[in-house]
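Comments concern the structure below.
The values are calculated or read from the model by the stated rules, or taken from the named source; none is laboratory data. The structure displayed is predicted, hence computed values, not measured ones. Note: ideal-geometry Cβ built from the backbone for every residue, glycine included; neighbour counts use all protein chains shown. The area values use the complete protein model at the heavy-atom level, side chains included, leaving out ligands, DNA and RNA. Shrake-Rupley method; radii C 1.70, N 1.55, O 1.52, S 1.80 Å.
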Amino acid sequence: MPRDLLSAAVVLGAFFLFAPAEHPVAAGEVTLPATKVTARLPGLQSSGATLLPNQWSLRPVGKQIEVGDFPVNIAVHPRAPYAAVMHSGYGTHEVIIIGLETNQIVSRTNLQFAFYGLAFDKDGTCLFACGGETGMVHQFRFAAGQLTDPRQIRVAASGQRACSAGLACSPDDKILFVAGCWGDALVCVPLAQPERPARLAMPQGSFPYAVLPARQSSRLFVSLWGKAGVAVVDLKPPRVTTVWSTAPHPTELTLSPDDKALYVACSDSNQVSVLDTSSGQTLEVINTALYPQAPNGSTPDSLALSPDGKTLLIANADNNNLAVVDVSRRGHSRSLGFIPVGWYPTSVRWDAAGKQIYVANGKGLISRANPHGPSPIEDKKIEREGKGQDHSQYIAGLLKGTVSVLPAPSPQDLVRYSKTAYQCSPLAADPGAIPRPRAPGHPIPARPGEASPIKHCIYIIKENRTYDQVFGDMREGNGDANLCIFPERVTPNHHALARQFVLLDNFYVDGEVSADGHEWSMAAYATDFVEKTWPLSYRPHGKLPYPSEGSLAIAVPVGGYLWDRCKETGVSYRSYGEFIENGPTPDAPGTARAKNLKGHFDPRYRSFDLDYPDARRADRFLQELRRFESAGQMPQLLIVRLPNDHTNGTAVGHPTPTAMVADNDLALGRMVEAISHSKFWPETAVFVLEDDAQNGSDHVDAHRSPALVISPFTKRHSIDSSMYSTSSMLRTMELILGLRPMSQYDAAARPMDAVFQAKADLAPFTHLPPGADPHERNTRLAWGAEKSAKMDFSKEDAADDLALNEIVWKSVRGGDSPMPPPVRAAFVLVREKDDDRD
């Protein structure tokens with residue numbers, strides 16, 4: 001590490017604290033012939049930056065090595081010029097060996113299941129890799145970049161909750177320590193007798209993540225991902241002696257060279273906790289965010305200390321950067337700046353000399369085109385040849401992770417890198433203090449707490465459609481009719497609402513699938529637990545449970561959900577089906593999965609259940625609306641789930657995909673009609689989106705999705721091609737209701753100001769009858785009927801979505817119609833020039 005790097009801290013510190021918020025660099029432009037509207041689209045920009053669908057940008061430093069689907073850990077060899085990289089996303093799991101002298105991949109080793117844990121022994125002759133849900137740890141011989149002599153060590157007995165995480169060898173290489181993440185345990189494996197592991201219980205619900213043996217004592221530190229603490233284990237004999245408090249959701253750990261300070265990355269915060277190892281007291285808290293007052297959402301999930309112990313690197317997963325911190329004066333750390341890296345960094349490491357930095361970027365450099373989308377001909381060929389189904393074009397496996405390789409930065413480098421990191425973020429130092437230009441009397445407040453003529457927000461969440469699937473036939477917008485399978489005949493109310501109010505043809509969902517999509521829809525954020533584990537529950541033969549919608553406490557973000565902000569502010573609210581557990585029968589009451597929804601939900605409104613028509617959900621909502629009118633008041637926020645556009649495939653006897661979407665469309669139309677004829681209409685805005693876009697076809701990007709904003713204050717008969725995301729919709733509702741942001745994403749998102757006007761138009765909406773039969777049923781001759789019969793539709797996304805989307809396409813267009821591949825925004829691998837790094 002250059003000696004003069006530390007001397008730059010004082011000069012740079014003022015810049016980092018007070019640097020102006022710069023929005024992403026100038027976006028690419030496309031002119032829509034039908035509307036003559038210039039739209040800002042995600043993708044590679046003229047400046048060299050890549051604009052993400054979530055409104056943040058990438059401009060990663062260093063060379064990029066594409067490794068695989070969601071890399072989560074890097075282990076640098078203790079002596080030789082190699083690094084091992086584990087990727088454990090939706091697709092094939094692997095350990096990849098990179099030669100650090102050439103920055104080339106030397107070898108790849110497939111693992112059936114893997115998750116995070118990766119460690120060399122002291123001499124680097126063995127590499128250990130966690131086997132995820134199998135309850136195994138893989139042991140390999142390592143030499144010259146090759147893994148040989150594979151062996152398996154069982155660390156979870158049959159019937160025990162499995163899926164291990166972090167690994168570490170004892171300083172004498174006699175014991176392998178394994179964090180039993182889903183088993184709330186620490187497993188100690190004597191390598192001389194690996195068949196005799198000892199299991200030490202951890203606190204219930206703690207999800208142990210990383211393990212770190214002390215170098216100068218017989219202690220071991222275990223981060224408790226599901227809690228806010230680090231377990232201290234005395235190894236003679238093994239026992240938990242205490243739990244030290246940290247910020248929420250601690251992940252990786254590292255010790256100072258003298259073992260006196262423990263650094264803990266706390267992922268559901270903007271913090272690294274620094275603990276005194278003699279007492280467990282907090283020496284200091286390092287804020288990793290771009291701005292000191294930023295809300296939750298930086299997601300520091302990995303860290304690495306330079307060999308001299310003076311410089312700490314912190315991977316901010318959701319800020320797409322590394323925070324660089326001078327920790328040479330213990331308890332008096334100083335920010336040195338930020339280094340922009342790829343999308344969602346999950347692991348950062350130094351080399352042994354402190355001259356090179358390696359970063360695993362979980363989502364790589366963005367989604368890309370998939371010209372080889374699902375095809376029944378190719379799928380059958382693949383099955384005949386015994387190769388298994390190719391999921392490379394499914395959105396869950398579309399994001400190819402990279403490893404960034406960059407030299408330790410000089411002070412001058414850090415000045416440039418930091419400026420770029422701020423430019424790549426739409427976040428401002430104080431979003432509420434920045435005035436936005438608007439016409440007099442504009443109904444969306446400039447900042448929370450200001451008055452609005454809109455008093456009620458109705459937030460309707462649907463399931464899994466892209467823009468082109470529904471609105472691709474609308475010539476007014478940027479659509480592709482060839483990809484439209486639910487056109488105006490099937491969705492007349494969606495089309496009428498878009499035409500009578502506003503057509504949004506540049507709206508993107510922030511989630512990839514329902515597991516993170518519902519988290520994003522309710523929290524403008526998904527924790528690193530959700531981001532790292534949903535691919536494991538979605539992949540074929542995955543054994544982990546669905547991780548969100550209140551099913552696991554560890555998935556709940558510290559920033560809370562929309563209803564938590566309402567309760568905090570005194571805003572009345574009520575949920576209809578969102579985060580609700582259905583009763584065993586349609587007539588049985590549901591129960592709330594979230595603490596602050598208890599007493600604030602309708603137990604008679606059915607949540608996700610594809611055998612329950614949306615028409616009946618609309619009936620129930622209309623009953624409630626009449627009740628509110630009789631009472632003379634309605635909650636300020638209504639959250640309504642309308643899920644049946646998900647469809648049931650072509651399972652025999654169930655409604656056809658077209659029928660289910662038609663039912664969904666009619667239900668929406670009836671609900672909006674009733675709202676627009678109610679006494680609350682003059683003060684109401686209805687917001688409609690999909691929780692995610694899944695694997696549907698769209699000619700702009702996989703995340704582009706239909707969205708609607710319906711209100712007397714909506715600009716009638718308009719088209720708004722402003723770039724919005726899920727977080728934009730949430731931010732707009734927060735401004736109306738006077739709620740503070742839940743995360744950095746809604747704090748930074750563009751509010752949907754351009755949708756609204758000052759003057760109200762109270763003309764009501766009249767729903768349209770369906771052009772397709774909402775009661776049509778699948779027959780045994782329906783394309784994909786046999787495959788649909790084997791799918792699990794009991795909960796969202798339990799069925800293979802890649803296969804389901806093909807079935808939906810064929811059922812609508814016919815079995816002989818080739819399904820066009822979903823087209824993604826094209827993004828390139830950004831490679832740094834030595835003489836032009838910014």
Subtracting the Cα-Cα distance from 0.36 nm times the residue separation, let me have the gained length for Thr282 to Thr569 in nm, one decimal. 100.2 nm
Give me the number: length gained by fully extending Ser245 to His775, i.e. 0.36 nm times residue separation minus the C-alpha to C-alpha distance, one decimal in nm. 185.1 nm
Could you calculate the FRET efficiency of Arg475 with Asp430 from 1/(1 + (r/R0)^6), where r is the beta carbon distance between them and R0 is 56 Å, rounded to 0.05? 0.85
With the other protein chains left in place, how much accessible area per residue, in square angstrom, belongs to the stretch 586-697 at a 1.4 angstrom probe? 31
In Å², and per residue, what accessible area does the stretch 460-544 have when probed at 1.4 Å with the other protein chains present? 19
Can you send over the carbon and sulfur percentage of the accessible area for the stretch 118-237, probe radius 1.4 Å, protein chains only? 50
How high is the relative contact order of the stretch 216-281, in percent, with contacts defined as C-alpha pairs under 8 Å that are six or more residues apart? 24
With a 10 Å radius around each residue's Cβ, average the other Cβ atoms per peptide and rank 762-768, 457-463, 288-294, highest first. 457-463, 288-294, 762-768
State the percentage of accessible surface on the stretch 510-664 attributable to carbon and sulfur atoms; use a 1.4 Å probe and exclude ligands, DNA and RNA. 50
Which order do the peptides 535-548, 175-188, 352-365, 310-323 come out in when sorted by mean C-beta neighbours inside 10 angstrom, highest first? 310-323, 175-188, 352-365, 535-548
Within the stretch 243-319, what whole-number % of the accessible surface is contributed by carbon and sulfur, with the 1.4 Å probe and all protein chains included in the calculation? 45
Estimated FRET transfer efficiency when R0 is 56 angstrom, pair Arg196-Gln293 (beta carbons, to 0.05): 0.60
Given a Förster distance of 51 Å, report the FRET efficiency between Arg626 and Gln104 from their Cβ-Cβ distance, rounded to the nearest 0.05. 0.15
Taking loop as defined by DSSP and a crowding limit of 14 other beta carbons within 10 Å, which trypsin sites (Lys or Arg not before Pro) in the stretch 710-740 fit? Arg716
Students often get this wrong, so check it: of Lys543/Lys598; Lys400/Lys532; Lys63/Lys419; Lys462/Lys759; Lys227/Lys595; Lys363/Lys543, which have C-alpha atoms separated by over 24 Å? Lys543/Lys598; Lys462/Lys759
Packing-wise, with mean Cβ within 10 Å as the measure, how do 604-612, 210-218, 513-521 rank, highest first? 513-521, 604-612, 210-218
Label-point separation, Val652 to Lys595 (7 Å along Cα→Cβ), nm: 5.0
Accessible solvent surface per residue of the stretch 717-762, calculated while the other protein chains remain in place, 1.4 angstrom probe, Å²: 25
